[in-house]
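A.B. asks: Right, I'll just put the structure down here and ask away after.
The values are calculated or read from the model by the stated rules, or taken from the named source; none is laboratory data. Please read all numbers here as calculations on a predicted model, not as lab measurements. When we count neighbours, we look across all protein chains shown, and the Cβ atoms used for this are built from the backbone with ideal geometry, even at glycine.
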Ligand code: 26Q
């Protein structure tokens, strides 16, 4: 970065009569002008991250911070009479929907910060994840037209556009490159689809509704679109530098597949090598086996993609042929390595007229990784047990992490400064130094209490502005912010809140410390049950917040339009992070890490990375409850009957609000349906909400009680900060670089 030139130009910048959006574009353009060039692909070994989602959030502050000019920019703007916070009106680029997309963004940040060559490939959606509004308690989706603010951080590369061919159409993939600043400037390349109206649809929406054939095919087109463009870029770049002998391709390229969504890249790679470059199929397959690596992010069956042969044949007939051929090779190989026919079938890539993309990934990838210790064990012992038995050396764990630059330095400047004061600022470059915070003095605890107060005040002010709701500062803040999904059990929190509410009302919980529950969650537009849960939570919030008897003691907020920028405020201001998924189902979680870094204690189950969090910060400094994976297995074996749990009068009262007229679902019948599914469905209460509800409520009560001793509680929080270094994505990226990418 030509820092002095940038600052000089900024000082000269004429701000007269310019609105915020114009200023945003002009200042960003100045930063781009002086930032230096993006790294080129392919001169030496690079890793490439293929992902359907990159949830980058707001770029402005983060980029200026990474370029080392944020503080000076703030000062220069202040002299011109501009508060840098005005740019908060520029909305986030939400080209992702949850943990998987945010992880991709954190990884790019860490790799650039560490000076490692990792580049991203994805789609430049016209509309990002929908903007959420709440009407009559229900989620409504509005298009997220993020480009209306301009896109000053991207460079369109017309000269590098290429054609992507489907059987029934041809589409241009036009790259837009976004710099990722750090020790070096890496590149996030997002392709935009251009051509006729049909072509442009391909990059129009993130997760178009796929409840019709047409929707499913559109999604398949999207996956092929960016995978094929990325593979073509990499192959072309290699051929230019090294010629057409592909033996050395893996010495220059390693391609990380972020879940199954880009796995079709493997077949495209083989297609390209065998057709355009006339390589033998087996040779191409072997090169692919040295090039690709696969990360699994979920064991939920509905999220493990499989494609009907009919769809693939219709738009990508060559790819269908290649996948069938790989499937034959895989089956033979599994059997020659000692698997039975049945076992080979279990791992089959093509069976029953469908392609199983996870099985394709596991067979071809040189490495397969889960995203937290428990998750990887489940992959090895359950989901991919046969593959693990056959290729044990492929499997490894890479516990997730989050970038401490955005999730601590940027979103909690006050805490970062306290850490500087206490242990020096070396931790900003070498996060492992954060552990020097352990053994803190009383002074630091007092400092921490002050910081938490400030961050809480900022959060509550923001909520007052956004949601029109006042929350007093002495309230204990619980937060559950994540995608809305039944396995994440926002519903269990809803029931727990009702139990606290009735307890306060009846006098049983007359001394409970005042607290607020903050929810942030978007439901997939077609996920009906999730939408019902949102409606239920909003109904509860309305009732509790308007009850004058309890409302000085308990409040509920369901924030509208939860996004990365909102998250930055919530993680910094919360006291307690709710991570209450059914044990075994949350692969890792990364929100849990963001809260930990900011000194919120975890109230959660033994699931995902929660296990590793309490391993490091101590069980005694967090609040663990609920059935473990092993316990759940036994409960299932013995036959789980949730009706037994409802014999407890407090649970009964909470659950029956779904049907007893306490709340209205506007006549839709969805609350009754939810009730039936919990108690009398085919697989009643499949996520064990009622099983864990009792211990959850007790845990929430003890947290409120412990919080009364403010100092002791702050110590627990600070110990969490001090032991959070492991959850920096700098650590994760170093592991990927060393064990998988070899860069
Ligand atoms: C699948 C099929 C059809 C359409 C969509 C999908 C689909 C889309 C998105 C399936 C899964 C996702 C997203 C998954 C995700 O965000 N997983 C989260 O990944 C995080 C990063 O590893 C983990 O921390 C979380 O535990 C995991 O839930």
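Quick grid of which residues meet (1) farther than 28 Å from residue 605 by Cβ; (2) out of contact with any helix residue (DSSP H, G or I) (no Cβ under 9 Å at 6 or more places or on another chain):
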position: 438; (1), (2): no, no
position: 448; (1), (2): no, no
position: 454; (1), (2): yes, no
position: 461; (1), (2): yes, yes
position: 466; (1), (2): yes, no
position: 472; (1), (2): yes, no
position: 486; (1), (2): no, no
position: 502; (1), (2): no, no
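A.B. asks: Here is a further query. Considering only residues that are part of a loop (DSSP other than H, G, I, E, B) and within 11 Å of the ligand (Cβ to nearest atom), which ones fall in segment 572-586?
C.D. replies: Result: 581, 585, 586.
A.B. asks: While we're on this one: Look at segment 349-361 and say how many of its residues are in contact (Cβ under 8 Å) with a residue 40 or more places away in the chain, surrounded by fewer than 19 Cβ atoms within 10 Å (Cβ to Cβ) and closer than 24 Å to residue 295 by Cβ.
C.D. replies: 1
A.B. asks: With the condition being within 16 Å of the ligand (Cβ to nearest atom), I'd like the helices (runs of 4 or more DSSP H) fully within segment 587-674 carrying at least 1 qualifying residues.
C.D. replies: By residue number, 591-597, 610-617, 629-638.
Residues checked against (1) within 15 Å of the ligand (Cβ to nearest atom); (2) not in a helix (DSSP H, G or I):
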| residue | (1), (2) |
| --- | --- |
| 61 | no, no |
| 72 | no, no |
| 77 | no, no |
| 88 | no, no |
| 109 | yes, no |
| 116 | no, yes |
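A.B. asks: Moving to a separate point now. Conditions first: (1) away from the ligand (no atom under 14 Å from the Cβ); (2) within 30 Å of residue 71 (Cα to Cα). Residue 353 passes all but one, so which condition is the exception?
C.D. replies: (2)
A.B. asks: Quick one: which residue in 522, 508 is part of a loop (DSSP other than H, G, I, E, B) and crowded, with 22+ Cβ neighbours inside 10 Å?
C.D. replies: 522
A.B. asks: For segment 321-348, name all the residues that are in contact with a strand residue (DSSP E or B) (Cβ under 6 Å, 6 or more places away or on another chain) and free of Cβ contacts under 8 Å to residues at least 40 places away in the same chain.
C.D. replies: 324, 327, listed by residue number.
A.B. asks: Here is a further query. Given 613, 624, which one is surrounded by fewer than 21 Cβ atoms within 10 Å (Cβ to Cβ) and either modelled with pLDDT of 95 or more or assigned by TED's automatic domain parsing to the domain that holds residue 140 (or both)?
C.D. replies: 624
A.B. asks: Among the numbered conditions (1) away from the ligand (no atom under 16 Å from the Cβ); (2) touching a helix residue (DSSP H, G or I) at 6+ places or on another chain (Cβ under 8 Å); (3) on the phi < 0 side of the Ramachandran plot, tell me where residue 338 comes up short.
C.D. replies: Going through the list (1) away from the ligand (no atom under 16 Å from the Cβ); (2) touching a helix residue (DSSP H, G or I) at 6+ places or on another chain (Cβ under 8 Å); (3) on the phi < 0 side of the Ramachandran plot, residue 338 breaks only (3).
A.B. asks: For the list (1) in contact with a helix residue (DSSP H, G or I) (Cβ under 9 Å, 6 or more places away or on another chain); (2) part of a helix (DSSP H, G or I), I need the number of the one condition that residue 348 fails.
C.D. replies: Here residue 348 meets the rest and fails (2).
A.B. asks: As an exercise: evaluate residue 17 against (1) at pLDDT below 95; (2) assigned by TED's automatic domain parsing to the domain that holds residue 229; (3) closer than 21 Å to residue 149 by Cβ and give the number of the one condition it does not meet.
C.D. replies: Answer for residue 17: the failing condition is (2).
A.B. asks: If you don't mind, another one. Being touching a helix residue (DSSP H, G or I) at 6+ places or on another chain (Cβ under 6 Å), part of a strand (DSSP E or B) and closer than 13 Å to residue 395 by Cβ is the filter here; which residues of segment 351-384 pass it?
C.D. replies: 367, 368, 370
A.B. asks: Which condition does residue 736 not pass, out of (1) in contact with a helix residue (DSSP H, G or I) (Cβ under 6 Å, 6 or more places away or on another chain); (2) outside the structural domain of residue 419 (by TED's automatic domain parsing); (3) surrounded by 22 or more Cβ atoms within 10 Å (Cβ to Cβ), if it passes all the others?
C.D. replies: Only one criterion in (1) in contact with a helix residue (DSSP H, G or I) (Cβ under 6 Å, 6 or more places away or on another chain); (2) outside the structural domain of residue 419 (by TED's automatic domain parsing); (3) surrounded by 22 or more Cβ atoms within 10 Å (Cβ to Cβ) is unmet by residue 736, namely (1).
A.B. asks: Residue 329 versus (1) buried (at least 18 other Cβ atoms within 10 Å of the Cβ); (2) over 28 Å from residue 487 (Cα atoms); (3) more than 16 Å from the ligand (Cβ to nearest atom): which is the lone unmet condition?
C.D. replies: Status for residue 329: all satisfied but (1).
A.B. asks: So, in segment 198-207, exactly how many residues are in a helix (DSSP H, G or I) and either within 16 Å of the ligand (Cβ to nearest atom) or under 17 Å from residue 143 (Cβ atoms) (or both)?
C.D. replies: The qualifying residues number 4.
A.B. asks: Which ones in segment 292-310 are out of contact with any strand residue (DSSP E or B) (no Cβ under 7 Å at 6 or more places or on another chain) and within 13 Å of the ligand (Cβ to nearest atom)?
C.D. replies: 297, 298, 299, 300, 301, 302, 303, 304, 305
A.B. asks: Just to be sure before I move on: is residue 111 within 30 Å of residue 221 (Cα to Cα), modelled with pLDDT of 95 or more and outside the structural domain of residue 562 (by TED's automatic domain parsing) in the structure I sent?
C.D. replies: Answer is yes for this residue.
A.B. asks: If a residue has to be within 12 Å of residue 564 (Cα to Cα) and more than 14 Å from the ligand (Cβ to nearest atom) to count, how many in segment 90-107 make the cut?
C.D. replies: Residues meeting the conditions: 3.
A.B. asks: Continuing with the same structure: Only one of these is outside the structural domain of residue 622 (by TED's automatic domain parsing) and in contact (Cβ under 8 Å) with a residue 40 or more places away in the chain: 693, 678, 674. Name it.
C.D. replies: 674
A.B. asks: Every residue in segment 118-131 that is surrounded by 22 or more Cβ atoms within 10 Å (Cβ to Cβ), more than 16 Å from the ligand (Cβ to nearest atom) and farther than 20 Å from residue 404 by Cα, please.
C.D. replies: Scanning segment 118-131 gives 121, 124.
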